[in-house]
Structures are given as structure tokens and as C-alpha cells.
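These notes are about the structure you will find just below.
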Amino acid sequence: MTGTEGRGFILNVAPDGPWAGWAGSRFLEEGLASVHAAPGRALARLMNLVSLLPGGFGLIWDHPPAWMQALPSESRQGWWEAITAIPHLSLHLGPQSAQQLPGGAFRGWAHTSEMPEGPLGELWRQGVIGWVPRPGRDWTLPGLGVAHSGDEAGPGWLWGEAALALGALPALASGEALIAAMSEAQGTAERGLAQRLASGAWVDLPFSRRAVGWRLSLAGGAEFLRAGGSWPAALGQLRALKALLQERLRAPIHLGACEDLQVAALLGRQALREGHPWRASLPLPPAPGAFTPGLAADPRDPVPLEARAMLPQGWLETLDHPPVALLRVPAVPPEAGAQTLLGQIQPAPAIRWLPPGLPPPGRFDPDRPWAPAEAYPFPADPGNGVQRGLFEDLG
């Protein structure tokens, strides 16, 4: 993966092909790579595909639930554990398929229209999987884009991701700097991919250059709000910028939130190093000069849940896929507490709980570590909430 820094943005692309992608799981049943007949070969095919995409791959499990029931329980559990151990792969499932997962934490997401309840809700609140609200038929993939669904989810691709700081939006509103950098990177990737295809060094998935898009991600929402930024004005500028990029690049633009802690930190260091005007929204030393990922509070800071999951009004009409709220908590939240939280943050983002038994996700920054799980406020629950004693920590 290659990264290019521009004034207020960072561009991540692959030098010889798409940067990221997604596809439905039925391509694993083509030819001799059947999960039933040759699970090892199907796994190797999937690993080969993911290795070509430095930005990650979303596997949309659109097989009917009864299809997996034909496998013995040991084989089924081994298959789930094997594919979710592949680096840079995220698993996306419907409610029926998600209930077949074994124990442990997965880089997986359950897509349902309502908050998970029952056995699936228990898996969600324990942090085994995350939850993505799915109001329609399309799959909205956190960190990637939107997969339009028919009878099965077809393959989709991204040339790269342009991450930008929200404070830099007025300087980037014309789009010229972004268009120049993205056009050059897209041309390089297309030429490299042409050589790959001519050499037979690509995967056997349908590939249409006209359907390959870009991801535009946002960082520094907390700093933007702290500096007195106007969300309605910013969201309007984002919609205009997205339309301009789509027109000039002739490619779909998937607008979302930046979930990469390192990319957000690099944007903050760039602002300080080069003296950009939006550096004024960063915290004063000795605090690290880094933007927070996404639009809400930094998930590493022990602030109330509402601050870590709250998003500006109008984001649903502006963003193509929901931002991710990583909610670290000192204990597994009760169902009533999760319902109380969702009642305060409608429409809900994609939510993943991080109880104390689960390690927080990387990358880890020595200058800005995760606080211990015990330091995070417990979910608001009028029935089962626990108030800590005033002198409890003093022994």
C-alpha cells in the first residue's frame, strides 16, 4: 500500500490494483473450490484474494442458512474460525447466519433492521460480533462502502481511500487537490492492474473498471465540534464535494467515517508540522497533536457512551454507510442498558461493544493508550446500573 499526503488529506492506494473490495460468499462455490467438497481450497482462494487488497475485503455471507447446516458442527465451527482469522477480512452476516458462529470475538458484523435481541443480542453485547443497522436491502459495510444487493451480493472494488480532516474541509471544498491526487493514483493503479490481468496474476472475480469507486473518509469530528464548527454547513459541503468528485472522476464515491487511528494521528501531525489553520482545533501540548478518528469522541477516552456514539444530525442523509462506535465498557451491558443508549442516539451507527474480556483493536499508539476497561462509565440503565462508591478506589 502506498500513502500520499496532501494539504489536509491522506490518500491510501494499492500500486497495481484495487485497494479494497467486497463480494458475496457464493463465489466460493464456483469450480472445485467448494466449501463442502474442498474447504481447504476455498479457504486458499479467499486468502489469495484478501492478500491482493491492502485496504481489506468484506465477505458478505449471502448463502441460505440451511446451506451451512449440511456440514458437521465441528467442520462448521472450524470454517468460521479459519476465515475470520484471515488478516484484513471482515465478515458480514444476516441474523440467521450470525447465530451459527462459535464463541470468541470475530471481525464480523450482523446486519439487522432492529437492535439484536435474544441469542443474537447476547452475542452482540458480549462483543462477539458488531451490529450494523440495515434499513433496506443494500449491505452498508463499515470502513468500505455500499454493496447493492439483488439475489446475491456482487463484487465491488475501491481504488483507494482519501481521508481528510473535517477542519480542512473549507480548503478542500473546491476539490481540485483531491481530484488531481486521486486521478494520478487511479491511473497508476489501472496500468498496474492491466499488467496483472495480462500476466494472469489476478483473481477470477468479475471486474468492471466503471464500477470501481473511491472511499472518502472523515476524521477529527471531536476537534471540529470543539472549535465551534457548524455541522449543517459541513455536511452540505461534503455532499457538494462528493457530487463534484463523482462527476470529475466518473467513479462512485462512498462517503464514510475514518476508523483508522493511525491515519487520524498522521493528519494531526501534518497540521502541526506544516502550520495549517485547522491545527488550532487540536489539544495543547503535552497532549498528543492528533485528530480523533470518525465524527464522535475518541473511543480510547473514558467519556460517557453517548459522547462516543453520538453523531451529528443529518449524517444519515450525507454518509453512505454508518460510522463505527467502539464502546469499551467495564462489564457486559444488559439489554435494558443497550436499549436506553439506542433511544438517545437514533439513528444508530454501527455499534461494537468491547467488554473487559476483549482486547481493544489496534493499532496501538504509545502516546495515546487505551484507558483500562474499569475507567469507562457503565451504560445508562435505570434498572440495573451500579453506582460506584465515593471512596471505593481508596481501599
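Please treat every number below as a calculation from the coordinates, not as lab data. Because the structure is a prediction, the values reported are computed rather than measured. Glycine also receives a Cβ, built like all others from the backbone with ideal geometry; neighbour counts cover every protein chain displayed.
Details
- At R0 = 51 Å, FRET efficiency that the Cβ-Cβ distance of residue 66 and residue 248 yields, to 0.05: 0.65
- Selection from 12, 144, 326 lying farthest towards where the dipole of the chain points positive, charges on Cβ: 12
- For region 174-261, the square roots a ≥ b ≥ c of the C-alpha gyration tensor eigenvalues yield an a/c of 1.5 or more together with a/b exceeding b/c, which makes the shape prolate.
- Two-site label geometry, residue 4 and residue 188: point separation in nm, points 7 Å out along Cα→Cβ: 0.6 nm
- By definition, a body whose alpha carbon gyration tensor gives a ≥ b ≥ c is prolate when a/c is 1.5 or more and a/b is larger than b/c, and region 31-89 fits this prolate description.
- DSSP beta bridges fully contained in the chain are about 35 percent antiparallel.
- Within the chain, helix-based [θ] at 222 nm, where runs of 4 or more DSSP H residues each add -39,500 (n - 2.57), nearest 500: -9500 deg cm²/dmol
- Net length gained if the chain between residue 336 and residue 41 were fully extended (0.36 nm per residue, minus Cα distance): 101.8 nm
- Relative packing of peptides 240-247, 332-339, 319-326 - highest average C-beta neighbours within 10 Å first: 319-326, 332-339, 240-247
- Centre-to-centre, using Cα atoms only, region 37-61 and region 293-331 are separated by 30 Å.
- Extents of region 98-211, taken as max minus min of Cα coordinates on every principal axis and listed largest first, are 50, 44, 27 Å.
- Qualifying GluC sites (Glu not before Pro) in region 107-138, where qualification requires a DSSP coil assignment and no more than 16 other C-beta atoms within 10 Å, comprise 114, 117.
- Residue 201 versus residue 240: modelled label distance in nm, points set 7 Å from Cα along the beta carbon direction: 4.4 nm
- Full-stretch length increase - residue 346, residue 174 - with 0.36 nm per residue and alpha-carbon distance subtracted: 58.7 nm
- A Förster radius of 30 Å combined with the Cβ-Cβ distance from residue 113 to residue 365 puts the calculated FRET efficiency at roughly 0.25.
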